Amino acid sequence: MPTTATAARRKRTSRRDEDAPLIPILARKVREIEAKAQHGKLGPTNRVKFQVIAFLVREERARAKGDAELADGARAEQLKRLDGVATILAKTAARDTSLIQLLEADQATSPVAKRMRRDWLLESGAELAPEELVIADVARVQQAPVVPAALAERQVTPPSVESRMLANPFLAPDLTPRPAATPRRRLDGWELMGPLYKAFESGAGGSVASMELPPLPEYDHLSPKGLEVMVHQSRFVESVRAGHRSFLLADEPGLGKTAQSVLAASVADAYPLLVVVPNVVKMNWAREVERWTPQRRAAVIQGDGQDVDAFADIFIVNYEILDRHLSWLGEIGLRGMVVDEAHFIKNLGSQRSQNVLALASRIKEQSPGGRPLLMALTGTPLINDVEDFDAIWRFLGWTNGERPSAVLADRLDATGLTPADKAFYGEARDAVISMGIVRRKKKDVAADLPDKLIADLPVQLDDEFGRGIRQAEAELGARMAAKYRRIIEARGDRGLGHGEIDEDIVRLVAHGELEESKAAGTGGDNVFTMVRKIGQAKALLAADYAAQLQRSVGKVVFFAKHIDVMDQAEAHFAAAGIRAVSIRGDQSTPARQQAIDDFNGDPEVGIAVCSLTAAGVGVNLQTASNVVLAELSWTAAEQTQAIDRVHRIGQDEPVTAWRIIAAHTLDTKIAELIDQKQGLAARALDGEAVEDGGSESVQLAALMHLLREALGGN
């Protein structure tokens, strides 16, 4: 970055906005940051923007103070306006304290920050020195090892893996011609990640986020004997046959993503193939491999993998034990990788995400031509923010977090537009989609699949337990209201009218309460203990409804979040003479699969009691058409995943999910917030004009609601 003195010597060719044309640009940008921060933590792109604004505010202040030709009145006016921008920066940093370190003068030094700063200065009409116009990327650091030092001691090498390595000690040579050096692109100087995220956040273009797929082939070359591939599945696999190798397969749950992935690997001959999955679906994946590609062998890795068949074509491992097997998996020449429930890797700081990304990088290095088959499967790729795409795009090689890949950059360049053009955003979204996003909805591709209905059943908690819950909610609201009033009093009068509520302070207090709740640092009830109490209070009412439902409609799936709620329900069903099976997180894989098989195959088993977290993904319970949600999830995605254990291909009856909601409690607000959260995916993936439900978590929004009620607001 140039020094303040350098900045002071710049000759401005435009005199709009008097002598400070940069200030209105900074004011507009800081308002964008403020709006984003009000809905939760800022993503990487907006954090860089925050850095650059802070740097330029300091630079402009130094310029104004050092400009001898500037009249005193004009200087005072400019400094006042810059102070206004700085105040908003400070308020934003108070809301997200991790931003405070970015206010330091030496922070805005990355190439992305330099480009952003240069673009804003050019927009203001500044004339820059030649060395400021061309900004080179820093040299790429050497690729991090697949196995970080902290995990080296945990690595295991199953005996059969040693046999495989001895049988074939050399990987096949890669004779693919390497591409020549890429010429400089028109958009190389632009910061592009922010515009790419914005293109999806706004639903630019208004179309469903799905790449163009080949037509249905004339003959079915895919289906094994006795099975039939559906039209939408066949068209996807044809895109693999045509040479496409990286996909975000974001089909709605229940449309057969596992089968499509297994067939895609066969068509691409992407063996050995690694499949990383949640623990609950490992056995199901092995069954699907045997079902759709019976000529291939699948090895399910358990524990240290002592019994694993290292000569298998497909290795299936769960996220929790992947860290033990990074070393040998990185050495056997994998040609493809599938990440199931890919939203599990959205947190780039987690070891789970780092393990997946490190292995993917190694596979790209080893695969001929650097084009392995990479597939991220998730019906819910966006949970809270559009930047949830970040880790998935990195895994697929579409971006590195700071810049688009060469292929994507070429497609953006070919638009002939820049982020300064409004039309760029629709074109940019289409360019990313063409990299391999495939999104189909049940109503579009499975006309014979019945609709699903979510029906809310309010229940009154009129007993002592229910009164205690309402009292606990009131006490929590009062506790937060007291903090709010202390802050308001300490701050002094800021022009709030009678009965008016400062939403910034509401968010600050609710965020503090949420952090204390996560650390169990409060003396009384918090949002988590309260929701658990509500679940306990509803347990028997929900179980009784499920029992009545089972007697009238047959099989029912009962979902709960807490073990004690599941225990109460199972005891109630046993007392009512209803046979039930249980699907929980603490079961062994064979026991879990046996429970699923008993529910689907034994007419005497009437109810499956399922954990929202352990049975919400990868479990097929389509013999039932009714679901009872005894407890609410914290995310819309988790609720959708649970319902879609029943609403799947092969279901021939309308599906109804019955949500048991405790009336006049926080439960009602949580249900409303979950429904609002559907809007982000509908806009970003389906191009629907859905109202923004906000990006803050349901927990935070619920606490803000309680605080507003305690303050007498709406």
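The values are calculated or read from the model by the stated rules, or taken from the named source; none is laboratory data. Keep in mind that this is a model prediction, so the values were computed, not measured. Note: ideal-geometry Cβ built from the backbone for every residue, glycine included; neighbour counts use all protein chains shown.
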Quick check, is E672 more than 15 Å from the chain's Cα centre (by Cα), modelled with pLDDT under 85 and over 30 Å from E475 (Cα atoms)?
no
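Looking at D313, D251, which is the one that is under 29 Å from the mean Cα position of the chain (by Cα) and closer than 29 Å to Q354 by Cβ?
Working: D313 fails: under 29 Å from the mean Cα position of the chain (by Cα).
Testing whether each residue is under 29 Å from the mean Cα position of the chain (by Cα) and closer than 29 Å to Q354 by Cβ leaves just D251.
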Condition first: within 13 Å of the chain's Cα centre (by Cα) and among the charged types (D, E, K, R). Can you find one or more residues in segment 343-354 that meet it?
yes
Residues that are in contact with a His (Cβ under 6 Å, 6 or more places away or on another chain) and aliphatic (A, V, I, L, M), drawn from segment 357-381:
none
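Quick one: count up the residues across segment 689-714 that are modelled with pLDDT under 70 and out of contact with any His (no Cβ under 9 Å at 6 or more places or on another chain).
Step one: of segment 689-714, the residues modelled with pLDDT under 70 are 689-696, 713-714.
Cutting the leftovers down to out of contact with any His (no Cβ under 9 Å at 6 or more places or on another chain) gives us 689-691, 693, 713-714.
Total meeting the criteria: 6.
Condition test on V655, is it more than 23 Å from M530 (Cα to Cα), of a type outside the set (D, E) and touching a His at 6+ places or on another chain (Cβ under 7 Å)?
Values: more than 23 Å from M530 (Cα to Cα): yes; of a type outside the set (D, E): yes; touching a His at 6+ places or on another chain (Cβ under 7 Å): yes.
Yes; evaluated as a whole, the condition is true for this residue.
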Mind listing whichever residues of segment 317-329 are over 26 Å from the mean Cα position of the chain (by Cα) and either of a type in the set (V, I, T) or farther than 17 Å from D307 by Cβ (or both)?
S327
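Quick one: which residue in A360, A391 is of a type in the set (A, V, I, L, M, F, W, C), part of a helix (DSSP H, G or I) and touching a Ser or Thr at 6+ places or on another chain (Cβ under 8 Å)? It would help to see each step written out before you state the result.
Details: A360 fails: touching a Ser or Thr at 6+ places or on another chain (Cβ under 8 Å).
One residue alone meets the criteria, A391.
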Restricting to segment 193-235, give me the number of residues that are among the hydrophobic types (A, V, I, L, M, F, W, C) and exposed (fewer than 15 other Cβ atoms within 10 Å of the Cβ).
3
Would you confirm, using the coordinates I've provided, whether L374 is out of contact with any helix residue (DSSP H, G or I) (no Cβ under 9 Å at 6 or more places or on another chain) and more than 14 Å from Y197 (Cα to Cα)?
no
Of the residues in segment 530-562, those that are without any contact (Cβ under 8 Å) to a residue 40 or more places away in the chain and more than 16 Å from N626 (Cα to Cα) come to R532, L540
